[in-house]
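Novice: Pasting a structure below so you can have a look.
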Amino acid sequence: MNRQTAIAKATREFYQKPMATVSIELILTICFVLGLSVFAIQPTLTTMSELAEEIEQKKELDEDLSNKLNALTSVQETYKQVEPSLYLLEQAIPTKPNTVQDVKVIEKLASNHNLIITSLAVPEIPVVADSTLSVLQLSKQATPFSLTVRGEYSSIRSFIEELQNYRRVFTVESVSFGINNARRTNQAFLQASISLTAPYYSGKKANSDSGDTRKDTTP
């Protein structure tokens, strides 16, 4: 009991000394300053963290842009290499219909194979796309042709093969053969009814209400 009393007395005497009072005030002051420092620095640390994250994102974006730029440069180089041949694409599948030219090609090839075109019809008149449309807005369409030719089987076959391999793309949809008699001579001959299409790019579908364009040369 005397020991506890002595400890209490010594402690009381220590805190009554000026040095002890100053030490406690100093510790409290340091703690207060540290607390204020933490609250003051925290926004700065947060800002620094956000800036570091933003810098990292911009680095990734810069890398993506560099990759895209390299890809674009490669595409431009490729385009320059194939540019002299681009007109072939326009001839194969044009960006607007040219029915008159297609008919001339069909007639020319038939004549080359000594075939007589007895009928030629265009069931649907294609509509020319708006010139303000971009290439990406165009869709693939096709002008249909229906024709009947007369001649030798080998000539008809060669005519169809050349149509399919011609620079201007023609798609043969169907071919049917038959024997018919000429009205004047009553002579039997071989004829073929051919359905084909000529594709092109347009922003509008073909107009099926425009009527038929027909050429009939039946003897």
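The values are calculated or read from the model by the stated rules, or taken from the named source; none is laboratory data. Given the structure is predicted, the values throughout are model-derived calculations rather than measurements. Cβ: placed from backbone, ideal geometry, glycine included. Neighbour counts: every protein chain shown.
Novice: So, restricting to helices (runs of 4 or more DSSP H) that lie completely within the stretch 83-177, which ones have at least 2 residues that are within 22 Å of the chain's Cα centre (by Cα) and at pLDDT 95 or above?
Specialist: On the way: elements: 86-92, 99-112, 153-165.
Hits in the stretch 83-177: none.
Novice: Within the group Ala192, Ala206, which residue is at pLDDT 90 or above and surrounded by 14 or more Cβ atoms within 10 Å (Cβ to Cβ)? Show your work before the answer.
Specialist: Numbers: Ala206 fails: at pLDDT 90 or above.
That would be Ala192, the only listed residue that is at pLDDT 90 or above and surrounded by 14 or more Cβ atoms within 10 Å (Cβ to Cβ).
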